[in-house]
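What follows is one structure encoded as C-alpha cells, with my remarks underneath.
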Amino acid sequence: MRRLGVHTSIAGGLDKSLIRAKELGCDTLQIFSHNPRGWALSDIAPDEAAAFRKTREKLGLDPVFIHSCYLINLASQYLEIRERSLWMLGQELARADAIGADYVILHLAQAAGEDGIESLIMQIRSVIGRKGKKRFRAGLLFENTAGLPRKAGGPKDAGAAASSLSALAQIVEECGVAGICFDTCHGFASGYDIREPGQADAMAEEVSSRLGQGKIKLIHLNDSKGALGSGLDRHEHLGKGKIGLAGLRRFLASAGFAEVPVVLETPKEAESDDVMNIKTARSLIKPD
Ligand SMILES: [Zn+2]
Ligand SMILES: [Zn+2]
C-alpha cells in the first residue's frame, strides 16, 4: 500500500503535527522543524523529542520527512550566508535525528555559477560526512526544481541542473546522500510532461540508470498553475491545474514511481483544503 500524507503545522509543539496528520487520515507526513523563514533556532528539548517519538509510534506514521529551511543557500556569493547555510543544514539533520525523522529535504540553491556544483558537493559532504562515516542517521534528499536547464543554455547552475533528473541523480551520487524527492509541479514546470504515457517510467529510468532502484524516496504530489515548461513554481489543488487528474493518475500508476510515499504540498487557505486534496489523492492512488 502506498503511503499518503501532507505537510502539517508544528504550531503548539512538534508532536501536534502528528496529531493533525492522523486526523486527516495520513500514513506519513512532512513538517518544518522550526520557522522555515528565520535563522533563529531554539534546541528541541529532550521531552519534546520524546513526546514526538512516542506519539509517532502510537499513531503509526511513517516515514517522517522534514523540509529544510528556505534560507539555506550553499551557493550564496556571501561567505557569511554560506557558513550559516552549512550550519543550518547540520541543524536540520541533527533535529531530524533528535525526533527520529527519516529524511530531510533540501532544494539546491540557484545561481551556483560555473564552479558552483563542485563547491556545492564539497560543502554538502562536509556537513554529512563521508560514506561509512556519516554523521547523521536521517537521510538527505534533494528535490527537483522548476528551473529550465534545457532551454536556458546559460552557465551551469546547481538549481537549474536540479530540474534535470539525470543531473540531479549525478549530484546525489557525488554527494553520497540518500536520494531524491520528486515534485510533480516542479517536474511539469521544468518540461517533463508527466501526463504522457511512458514519461514517468522514462524519468524513473533517468534516476535508476545512475543510482539504481529505490532512490526516489518521496513524491511531492501537486498540480501546477504554470504550463508545461513554464519554469513557474506555483502549486495548485489536485485536478485544478495544468497537469489535471488524468495526468496525475497516470503518473502515480507508473511502475517507476510505484510504492513511493506521497506528500501533498497543495495550497492551504482553509483547513478543508487538505481534506479535499487528500480525498482526491486517495482516489488517484487507488488501483483500478
Ligand atoms: Zn515540493
Ligand atoms: Zn514548489
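What follows draws every value from the coordinates through simple rules; no lab data is involved. Fair warning: this is a prediction, and the values are worked out from it, not measured in the lab. Here the Cβ positions follow ideal geometry from the backbone for every residue, glycine too, while neighbour counts run over all protein chains shown.
Pull out the extension gain between ASP201 and SER126, defined as 0.36 nm times the separation in residues minus the alpha carbon to alpha carbon distance; nm, one decimal.
Length gained, ASP201 through SER126: 23.6 nm.
Can you compute the equivalent ellipsoid semi-axes for segment 170-288, i.e. the square root of 5 times each eigenvalue of the Cα gyration tensor, sorted largest first and rounded to whole Å?
23, 15, 14
Report the label-to-label distance for GLU118 and MET1 in nanometres (one decimal), using points 7 Å from each Cα along the Cα→Cβ vector.
5.0
Can you compute the FRET efficiency between ALA94 and GLN170 using 1/(1 + (r/R0)^6), with r the Cβ-Cβ distance and R0 = 35 Å? Round to the nearest 0.05.
Computed FRET efficiency for ALA94 and GLN170 comes out at 0.80.
How much length is gained on full extension from LYS133 to LYS279, taking 0.36 nm per residue of separation minus their Cα-Cα distance?
Stretched fully, the LYS133-LYS279 segment lengthens by 48.3 nm.
Please state the Cα pair-distance histogram of the chain with 10 angstrom bins from zero: what percent is in each bin?
Histogram of Cα-Cα distances, whole percents per bin: 7, 29, 37, 23, 4, 0.
How big is the C-alpha Rg of segment 201-262 next to the rule-of-thumb value 2.2 N^0.38 Å, as a ratio?
1.19
Using DSSP, restrict attention to beta bridges with both residues in the chain and report what percent are antiparallel, rounded to the nearest 5.
Looking only at bridges with both residues in the chain, the antiparallel portion is about 5 percent.
Work out the FRET efficiency for SER272 and SER208 from their Cβ-Cβ distance, taking R0 = 45 Å, and round it to the nearest 0.05.
Here the calculated transfer efficiency is 0.75.
Efficiency by 1/(1 + (r/R0)^6): what FRET value for ALA40 and LEU79, r their Cβ-Cβ distance, R0 = 25 Å, to the nearest 0.05?
0.75
Of LYS54/LYS225; LYS134/LYS286; LYS16/LYS279; LYS131/LYS279, which ones are farther than 32 Å apart at the Cα?
LYS54/LYS225; LYS134/LYS286; LYS131/LYS279
Per the Cauchy relation, a quarter of the hull surface: what is the mean projected area of the convex hull of the alpha carbons in segment 1-134, in nm²?
Averaging across all directions leaves 9.4 nm² for the Cα convex hull.
Stretched out fully, how many nm does the piece from ALA227 to ASP47 gain, at 0.36 nm a residue minus the Cα gap?
60.2 nm
For the chain, calculate the relative contact order in percent as a whole number, restricting contacts to Cα pairs under 8 Å that are 6 or more residues apart.
Normalised by residue count, the contact order of the chain is 16 percent.
Could you tell me which residue out of LEU71, ALA227, LEU168 lies farthest along the dipole of the chain toward its positive end? Charges go on the beta carbon: Lys and Arg +1, Asp and Glu -1, centred on the Cα centre.
Selected residue: LEU168.
Compute the normalised compactness of segment 1-69: alpha-carbon radius of gyration over 2.2 N^0.38 Å, N being the residue count.
Ratio of Rg to 2.2 N^0.38 Å for segment 1-69: 1.08.
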